[in-house]
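Notes to accompany the following structure.
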Amino acid sequence: MDEYSCFVDWDKMDVTVQSQDAKDLTCTEFQELKQLARQGYWAKNHCLRAKVYHKLISNIPCRTVTPDANVYRDIVVKIVGKRNSNSLPLPEFVDDSLVPTYCLNAEGIGAVRKIILCIANQFPDISFCPALPSVIALLLHYSKDEAECFEQVCRILACNDPSKRLIDQTFLAFESSCMTFGDLVNKYCQAAHKLMVAVSEDVLEVYSDWQRWLFGELPMVYIARVFDVFLVEGYKVLYRVALAILKFFHKVRAGQPMESDSVQQDIRAFVRDIAKSVSPERLLEKAFAIRLFSRKEIQLLQMANEKALQQKGITVKQKSVASPKRQNVHLAVHAENFKSEIVSVKEMRDIWSWIPERFALCQPLLLFTTLEHGCSLSRFYSHSEGHEPTLLLIKTTAKEVCGAYLSTDWSERRRGGNKLSFFGTGECFVFRLQPEVERYEWVIIKHPELATSGSEPENHVSPASSTLSSRSLPSDPSDRLSPFLSARHFNLPSKTASMFMAGSSECIIIGGGDGQALYLDADLNHGRTSHCNTFNNQPLCSESFQISVLEVWGFRDTMNG
């Protein structure tokens, strides 16, 4: 074999990894490296992949004092001693049940545990890192000895480039990445998302498994191909592949009965046996066909989710003896505390699965209902102001149910003075629940070509016009930040706002979702809708309707009592 074979059980390995002649890698340009990684240039030769990994990891910018191979040789005997490495207790920051073997021999399996313990000794700031055993087990395949593997893993953990995210090392980082993945699924895998909502009471808990799919369940040959690209392109690759896995799971399993009592278990089983459904090449092809947000946009979304968790005091993994309020981050709508005249608990949970993850941690709080507070628009504003975001629900006299998720405080309407001016962000959306469930995203998200160049839209909008101006964005989509992010959270220019909401003393206009728009009059008794047939010929409800009940819901933080 080669010098990188001492931990490999070749009877379990794919023999094709040694079947091709060794090649050299001479390129240094990022774009060329990216193409070679995606094409699997070094995937068919074990020795070449080892040399490429060493080169890529050596180029990771690290903290000044980063433990190296010599440190490992100095501390391993002191930490491990003469104990059987396979019986060594692992630190709490890894999941002991998810230590993969990845075609390692007995020596390699024991080396994984030894290296984890030595890393715990050298990185006391790591508090939660379930991906670590998988990364070590993989890199042992391409290391000359334990010390070299230890050094490479340390360089990944000690990366100090603020623009380069590699492995989550705290519960806050891990949990916010799960929330961000949920946001991305909500946007890019809507068919799979509908299935998750249908078969699971808590979709957030399902999506919290996304890193386990990659670093735990995915077979060796697949995670190695993912890691090839990850070392070149970074964390965004992991999101791409996890989204592709979910898309394939939906394609293969849609319409079939669940194989277990839990969709989480079904997805894990699908990933373990993914070779029956899709090749590594096809998985990556699907992953890179997804037109994902830019790295900067994803970073901002991650920051928003981290901030939400910090505000709720969720920064460390709670043990089972903790307060019941804090045992589980992923909360669905509590049935015992919820009562609406418009929607059921099941329907509210469907809506909750659509909203940004950082607000899905909250519980619904009824702010206004026409049954109790009357049909005054001024009273609507007084009860709704000071709350951000809010949820608007409408039931018509024809039993139709529709509504809107509104990201911005209604007090923003005053900025336009007496003029009817639009505000809000692209996180807003409108939806229909009866006669059938449908969510309508902001039209520019799905059809960026509609964003025309030109000046800012005029503030004044005629009450008769309930369509959304698309001129609030620059024409170049790469020159803007994600419309899913709140501009005011990050002090972004006003051009990033979606201009989704408008309100005056005379009317309310909510519009933009797939061309869908709602117009409500001043007495909150009547309304009308408009929609763009180009993209969707199913309106939210009747073109002109009479309101039976209208409710406004806020978001109550239950995590801090």
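Take the residues in segment 507-540 that are assigned to a loop (DSSP other than H, G, I, E, B) and at pLDDT 80 or above, then tell me which one is least open to solvent (accessible area, probe 1.4 Å). Give the steps one after another, and end with the answer.
The first filter runs over segment 507-540 and keeps only residues assigned to a loop (DSSP other than H, G, I, E, B), leaving 514-515, 522-525, 531-540.
Filter once more, so that each one left must be at pLDDT 80 or above: 522-525.
Values: Ala522: 41, Asp523: 65, Leu524: 2, Asn525: 52 Å².
The selected residue is Leu524.
Which residues, taken from segment 384-409, are open to solvent by 10 Å² or more (accessible area, probe 1.4 Å) and in a strand (DSSP E or B)?
Across segment 384-409, the qualifying residue is only Lys395.
Which condition does Leu238 not pass, out of (1) touching a Leu at 6+ places or on another chain (Cβ under 7 Å); (2) without any contact (Cβ under 8 Å) to a residue 40 or more places away in the chain; (3) open to solvent by 10 Å² or more (accessible area, probe 1.4 Å), if it passes all the others?
(3)
Give the residues of segment 137-162 that are free of Cβ contacts under 8 Å to residues at least 60 places away in the same chain and farther than 16 Å from Ser58 by Cα, sorted by residue number.
Ala137, Pro162
If you take the residues of segment 335-349 that are under 27 Å from Cys189 (Cβ atoms), open to solvent by 20 Å² or more (accessible area, probe 1.4 Å) and touching a residue at least 60 places away in the same chain (Cβ under 8 Å), which of them is nearest to the chain's Cα centre (by Cα)?
The extreme case among them is Arg349.
Restricting to segment 492-506, and then to whatever is modelled with pLDDT of 75 or more and of a type outside the set (A, V, I, L, M, F, W, C), can you tell me which residue is surrounded by the most Cβ atoms within 10 Å (Cβ to Cβ)?
Step by step, filter segment 492-506, then rank; the result is Gly503.
With at pLDDT 90 or above and small (Gly, Ala, Ser) as the only criterion, which of Ala289, Ala308, Ala322, Ala304 stands out?
On the way: Ala308 fails: at pLDDT 90 or above; Ala322 fails: at pLDDT 90 or above; Ala304 fails: at pLDDT 90 or above.
Exactly one of Ala289, Ala308, Ala322, Ala304 is at pLDDT 90 or above and small (Gly, Ala, Ser), namely Ala289.
Looking for something of a type in the set (S, T, N, Q) and under 22 Å from Thr315 (Cα atoms) - is there at least one such residue anywhere in segment 125-147?
Yes, segment 125-147 contains at least one residue that is of a type in the set (S, T, N, Q) and under 22 Å from Thr315 (Cα atoms).
Listed here are the residues, each with its yes/no results for (1) in contact with a Phe, Trp or Tyr (Cβ under 9 Å, 6 or more places away or on another chain); (2) closer than 30 Å to Asn160 by Cβ; (3) part of a loop (DSSP other than H, G, I, E, B).
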site: Asp2; (1), (2), (3): no, no, yes
site: Trp42; (1), (2), (3): yes, yes, yes
site: Lys78; (1), (2), (3): no, yes, no
site: Glu92; (1), (2), (3): yes, yes, yes
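Of (1) open to solvent by less than 60 Å² (accessible area, probe 1.4 Å); (2) over 25 Å from Met13 (Cα atoms); (3) not charged (D, E, K, R), Asn84 satisfies all except one. Which?
For Asn84, the failing item is (1).
Looking at Lys276, Lys286, Lys296, which is the one that is over 21 Å from Val206 (Cβ atoms), out of contact with any strand residue (DSSP E or B) (no Cβ under 7 Å at 6 or more places or on another chain), without any contact (Cβ under 8 Å) to a residue 60 or more places away in the chain and among the basic types (Lys, Arg)?
Every option except Lys276 fails the conditions.
Checking the structure you have, find out if any residue of segment 410-418 is at pLDDT below 90, open to solvent by 30 Å² or more (accessible area, probe 1.4 Å), among the polar types (S, T, N, Q) and over 11 Å from Gly503 (Cβ atoms).
Yes, that holds for at least one residue.
Being open to solvent by 10 Å² or more (accessible area, probe 1.4 Å), of a type outside the set (Gly, Ala, Ser) and under 23 Å from Leu301 (Cα atoms): is that true of Glu259 here?
No, not satisfied.
State which residue is farthest from Leu283 (Cα to Cα) when the search covers only segment 205-214 and only residues that are open to solvent by 10 Å² or more (accessible area, probe 1.4 Å) and either among the hydrophobic types (A, V, I, L, M, F, W, C) or assigned to a helix (DSSP H, G or I) (or both).
By that ranking, first place goes to Glu205.
Conditions tested, residue by residue: (1) assigned to a helix (DSSP H, G or I); (2) over 19 Å from Arg358 (Cβ atoms); (3) without any contact (Cβ under 8 Å) to a residue 12 or more places away in the chain; (4) of a type in the set (A, V, I, L, M, F, W, C).
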position	(1), (2), (3), (4)
Lys187	yes, no, no, no
Ile245	yes, yes, no, yes
Val252	yes, yes, no, yes
Glu259	no, yes, yes, no
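When you go through Lys187, Lys164 one by one, which is the residue that is surrounded by fewer than 22 Cβ atoms within 10 Å (Cβ to Cβ) and more than 30 Å from Ala69 (Cβ to Cβ)? Let's see the steps before the verdict.
Values: Lys164 fails: more than 30 Å from Ala69 (Cβ to Cβ).
Step by step, each of Lys187, Lys164 is checked, and only Lys187 is surrounded by fewer than 22 Cβ atoms within 10 Å (Cβ to Cβ) and more than 30 Å from Ala69 (Cβ to Cβ).
Within the group Arg225, Arg253, Arg240, which residue is among the charged types (D, E, K, R) and under 19 Å from His54 (Cβ atoms)?
Exactly one of Arg225, Arg253, Arg240 is among the charged types (D, E, K, R) and under 19 Å from His54 (Cβ atoms), namely Arg225.
Could you run through segment 273-301 and say how many residues are surrounded by 15 or more Cβ atoms within 10 Å (Cβ to Cβ) and over 20 Å from Ala244 (Cβ atoms)?
The total comes to 2.
Return the residue satisfying two criteria in turn: it lies in segment 99-146 and is among the polar types (S, T, N, Q) and surrounded by 23 or more Cβ atoms within 10 Å (Cβ to Cβ), and of such residues it is farthest from the chain's Cα centre (by Cα).
So, considering only residues that are among the polar types (S, T, N, Q) and surrounded by 23 or more Cβ atoms within 10 Å (Cβ to Cβ), the one farthest from the chain's Cα centre (by Cα) is Ser143.
Restricting to segment 106-144, name every residue that is acidic (Asp, Glu) and part of a helix (DSSP H, G or I). Give the derivation first.
Start the filter on segment 106-144 by keeping residues that are acidic (Asp, Glu), which leaves 107, 125.
Selection gives Glu107 alone.
Here is a list: Val52, Val65, Val71. Which entry is open to solvent by less than 90 Å² (accessible area, probe 1.4 Å) and more than 22 Å from Val237 (Cα to Cα)? Working first, answer last.
Details: Val52 fails: more than 22 Å from Val237 (Cα to Cα); Val65 fails: open to solvent by less than 90 Å² (accessible area, probe 1.4 Å).
Only one candidate passes the filter, namely Val71.
The values are calculated or read from the model by the stated rules, or taken from the named source; none is laboratory data. This structure is a prediction, so every number in the text was calculated from the model and none was measured. A quick note on method: Cβ atoms are made from the backbone with ideal geometry, for glycine too, and the neighbour counts reach across all protein chains shown. With ligands, DNA and RNA removed, areas are computed over all heavy atoms of the protein, side chains included. Shrake-Rupley method; radii C 1.70, N 1.55, O 1.52, S 1.80 Å.
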